[in-house]
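The values are calculated or read from the model by the stated rules, or taken from the named source; none is laboratory data. Since we're looking at a predicted model, the values are computed, not measured. Neighbour counts run over all protein chains shown; Cβ positions are idealised from the backbone, glycine included. Heavy atoms of the whole protein, side chains included, go into the accessibility calculation; ligands, DNA and RNA do not. Shrake-Rupley method; radii C 1.70, N 1.55, O 1.52, S 1.80 Å.
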Amino acid sequence: MNNLRSQFLLGLFLVFLLSGCAAAEFTDAMQSDATIALPLEQPTGQTFVAQHAGLEGVEVFLSPQATGAGNLTLHLRSGPTDTTDVATATLPASAVVQPAYYHFPFPPLSDSHGRYYYAFLDPAPASSIGAGPGSAYLNGAMYQAHQPQDAQLSFRLIYNTRSLLWELVQAAIAGLGIMAVAVVIFLVPGLALVSLLERREGKDPKHWTEWIGLAAGLGLAVPPLLLLWTDQLGLHLGPANVWLAVMLGMAILLYQLYTSRCTPDRSLRRLGRSIRHSFTWADLAFLVVIGLVFAVRLLVVRTLDAPAWGDSVQHAMMTQLFLDKGGMFHSWEPYAPYESLTIHYGFSAIAAFFSWSVGADATQSTLMAGQLINGMAILALYPLAVRIANDNRWAGIGAVLAAGLISEMPAFYVNWGRYAQLTGQAILPVALWLLWEVTEHRRIPWRAIGASGFIVAGMTLSYYRMPFYLAAFMVAWLAVWILPIWRMDFRQWMTRGGRLVLAATVTAILFLPWLLNIRSSRLATYLEAGVNTASPWASVLADYQIWKSISEYVPMSLLVPTLIAALLALILRRRSAIVVLVWTVILASLVAGRLIGLPGANLLQNFAIVIALYMPVGILCGWLLGEIATPLLRHIRIAPQLLALVVIAGGCWFALPQLGILKPWHIMVTQPDMRAMSWIRASVPQDAVFLVEGFRIYDGKSAVGADAGWWIPLLTGRRNTMPPQYALLNERQTATGYNQSVVDLVAALESTDLNSAEGVRILCDWGITHVYIGQGQGLVGVNPQQLYRPDELLSNPALKLLYHEDRVYIFQLPPPPQTCDGNNAPSSS
């Protein structure tokens, strides 16, 4: 009992320590570089979004121009068009004696978190104000005479520490609520499936930490399979899909409880005794580290208006379509002109489950589900790492620490919205654990075989590349464990192989409806062998260039321990760890399979493999920690306490840098864009078609969006000229030639001035009625080419400016015969 009390007090101390660190990290806000000085001869201000509660001051970069008299007055309002002050602050003009940031304080605003504000200074000719380029800040713009400019003031936001800390407490409570939802909709079905697994002869029951790791992977496989098979039955249950999964899970758990002849009351008492008497320092370390993993994932996105970058567009749209249909969909209308679904959809099904559970919209559900899966991807590594280390739980903790907090991957996926791959990788470690489990029972483990087939099917529906990653592991496992024939007789070899065939059969049966759906799709052609290029060697070598930048994706603080672990495993002949090493080598070799006609090699890319290396790297680093911990635990009495303290301290140390892992240049949708979307919904006709920014990719064969205009169909219900990339590349278009017309439009605008007669003709031919310029102004992405600039469109007599706030513009192209010749062709009919 004393031991438990000391652990509890230590936990409280660590929470307090982390809160203090977090407060220091979040105290200051945005700042743009002061590259120019503007005379303060007219009202000059800045719109911005407060990132935290307790806003109590604005600091502005000022320089003296002459000896000043009177006061400088700052007004804080809710927007540029509002006339009521939220707060005011004054500063004596004589206080501006040198170029510096000057503080304008006001009473703390307890509800400032996420709020949009407009702060401006009254004219003061004796001073000048610092400003920077328009791209220096995302969520606002500089204003002069209350009119937006393509610039940003040099400013900083100051927050009240007490309000900020209280807000963090509220955020923690909200995070616990989100975690509770995840437990119900994912872990309950997953735990039910785990409870059905057979116990290996001669082995202790799985520890509770392994149970939740296995449940995470199994639970994520449920939504895509449930929606697939209810669709086969003609059922579109909407929110009832979630309750069906949860209630089935609860029924299985209650049945397991009943058959164990243990009443719920006795089970709870037994659980309480177990926690009191067997809760260890390893358990504490595990809970703190995994708690930090999820805390970081949720904190970094709490001020985002929409998930970042391009992949998120299609994920959110697919989620919305699941919500609209109450289950599987086969048409992308009314958001995009496509009439098939052949791309992997597991993540969007999971996001739809989250939305049905909490009532959030598709955009926020995509964001929150993605971050929950980011944490679950780390949690799912734990049982596999423990197994590879021969049931050493410190190895699992080390894997969670390395992959979840030291490695930037997969936390960095939030910048790309690469949630489909992440979902597959959250399921993969548990699939590997189960397949390993299948081979080690003396009797045929029918339930484990069924669970293996189930999870592999769900994993494949989530990310089509995952079966290749799984196959690479199984080849490594066979090579290290089974192929040395002197270690196993032929009967054992056939027995294990036969069980894997049975698991594959279950997968095939569960996946069959989807296989029939995609058999004649464009996606099926990617599985053909060979390389679709005249120079396959050049193509493959170009793909491997990413490995030269390996340290950008796996830090040296993990590369070195990984190499040490690999060398030690070879020296000690630890076959389980060697399997992971061989797996990594095979993963790195997969793309080269194009040269020998490996089926499916066209679907693979080294970038996807490199950003997935956190899995083998984390497992090997965890294994190394387990090897170090083993002799310490034998010979040093306080080793558990020391190991826990080192792991927890390391977790806190590495968690803080991850709070800055979201990079602003990946953010497409800002609050100024969201304000514009609200205006569009209220003011623009339903049949409008928006020209939006974009650029070509894949050697000019496809195109993607380059600012928030890409989100217009989902956020406003109006059409635009840039469909989701998944649909453009894979799905069946409703209008012949639509895909090519999208790419041709971008190509034409790259070389055509919209102010020219040819530029206007292009707009008319597409049936474009409006033009959107987002806060990112067509520059969000990898080397995008801006198609049109605001100053060009402002001087275009064919266009009428309807909306301009911050750096967002909306223009209207008057309908024929005012501008066009009447022969305009709609983009999607």
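Looking only at residues of the range 761-818 that are part of a helix (DSSP H, G or I), under 37 Å from the mean Cα position of the chain (by Cα) and not aliphatic (A, V, I, L, M), we find that the one that is farthest from Ile667 (Cα to Cα) is Trp766. Residue count for the range 650-683 satisfying the condition of being open to solvent by less than 10 Å² (accessible area, probe 1.4 Å) and over 30 Å from Cys621 (Cβ atoms): 8. Among the residues of the range 148-188, those identified as in contact (Cβ under 8 Å) with a residue 40 or more places away in the chain, open to solvent by 50 Å² or more (accessible area, probe 1.4 Å) and more than 29 Å from the chain's Cα centre (by Cα) are Asp150, Thr161, Arg162.
Of all residues in the range 310-332, those being surrounded by fewer than 24 Cβ atoms within 10 Å (Cβ to Cβ), hydrophobic (A, V, I, L, M, F, W, C) and assigned to a loop (DSSP other than H, G, I, E, B) number 2.
Of all residue pairs spaced 6 or more apart or on separate chains, none has beta-carbon atoms under 8 Å together with a first member in the range 325-346 that is closer than 17 Å to Gly238 by Cβ and modelled with pLDDT under 95 and a second member that is outside any loop (DSSP other than H, G, I, E, B) and open to solvent by 40 Å² or more (accessible area, probe 1.4 Å).
Among the criteria (1) over 30 Å from Leu572 (Cα atoms); (2) at pLDDT 95 or above, the one Pro664 does not fulfil is (2).
Conditions (1) part of a helix (DSSP H, G or I); (2) at pLDDT 95 or above; (3) under 26 Å from the mean Cα position of the chain (by Cα); (4) of a type in the set (Asp, Glu), marked per residue:
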site	(1), (2), (3), (4)
Pro599	no, no, no, no
Asn602	yes, no, yes, no
Pro616	yes, yes, yes, no
Cys621	yes, yes, yes, no
Leu624	yes, yes, no, no
Glu627	yes, yes, no, yes
Leu632	yes, no, no, no
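Taken over the range 737-755, the residue count meeting the criterion of being open to solvent by 40 Å² or more (accessible area, probe 1.4 Å) and either part of a strand (DSSP E or B) or of a type in the set (S, T, N, Q) (or both) is 3.
Residues in the range 699-732 that are among the polar types (S, T, N, Q), more than 20 Å from Gly767 (Cβ to Cβ) and in contact (Cβ under 8 Å) with a residue 60 or more places away in the chain: Gln725, Asn730. Answer yes or no as to whether Arg696 is in contact with a strand residue (DSSP E or B) (Cβ under 8 Å, 6 or more places away or on another chain), open to solvent by 10 Å² or more (accessible area, probe 1.4 Å), in contact (Cβ under 8 Å) with a residue 24 or more places away in the chain and over 27 Å from Arg519 (Cβ atoms). When the stated conditions are applied, Arg696 passes them.
Rundown of residues vs (1) of a type outside the set (Gly, Ala, Ser); (2) open to solvent by 30 Å² or more (accessible area, probe 1.4 Å); (3) touching a His at 6+ places or on another chain (Cβ under 6 Å); (4) under 13 Å from Val313 (Cβ atoms), yes/no style:
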| site | (1), (2), (3), (4) |
| --- | --- |
| Val689 | yes, no, no, no |
| Val704 | yes, no, no, yes |
| Asp707 | yes, no, no, yes |
| Ala735 | no, no, no, no |
| Ala757 | no, yes, no, no |
| Leu763 | yes, no, no, no |
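Of all residues in the range 62-81, those satisfying the criterion of being in contact (Cβ under 8 Å) with a residue 60 or more places away in the chain and over 16 Å from Tyr143 (Cβ atoms) are Leu62, Ser63, Pro64, Gln65, Ala66. For the range 659-684, filtering for residues that are farther than 25 Å from Leu298 by Cα and out of contact with any Phe, Trp or Tyr (no Cβ under 9 Å at 6 or more places or on another chain) leaves 3. Could you look through the range 547-583, keep only residues that are touching a residue at least 12 places away in the same chain (Cβ under 8 Å) and either in a loop (DSSP other than H, G, I, E, B) or on the phi > 0 side of the Ramachandran plot (or both), and pick out the one that is most open to solvent (accessible area, probe 1.4 Å)? The qualifying residue most open to solvent (accessible area, probe 1.4 Å) is Arg574. Would the range 195-213 turn up any residue that is open to solvent by less than 40 Å² (accessible area, probe 1.4 Å), of a type outside the set (Asp, Glu), within 30 Å of Ala508 (Cβ to Cβ) and in contact with a Phe, Trp or Tyr (Cβ under 7 Å, 6 or more places away or on another chain)? Yes, the range 195-213 has at least one match. When the range 406-440 is limited to residues that are aromatic (Phe, Trp, Tyr) and within 16 Å of Gln371 (Cα to Cα), the one that is surrounded by the most Cβ atoms within 10 Å (Cβ to Cβ) turns out to be Tyr419.
The lone criterion from (1) of a type outside the set (A, V, I, L, M); (2) surrounded by 16 or more Cβ atoms within 10 Å (Cβ to Cβ); (3) farther than 21 Å from Leu801 by Cβ left unmet by Asn720 is number (3). Checking Phe454, Phe473, Phe490 one by one, the residue that is modelled with pLDDT of 95 or more and over 19 Å from Trp583 (Cα atoms) is Phe454 and no other.
Restricting the range 45-86 to residues that are small (Gly, Ala, Ser) and open to solvent by 10 Å² or more (accessible area, probe 1.4 Å) leaves a set whose member that is nearest to Arg807 (Cα to Cα) is Ser78. Within the range 81-138, the residues that satisfy the criterion of being more than 26 Å from Leu304 (Cβ to Cβ), of a type in the set (S, T, N, Q) and in a loop (DSSP other than H, G, I, E, B) are Thr83, Thr84, Gln98.
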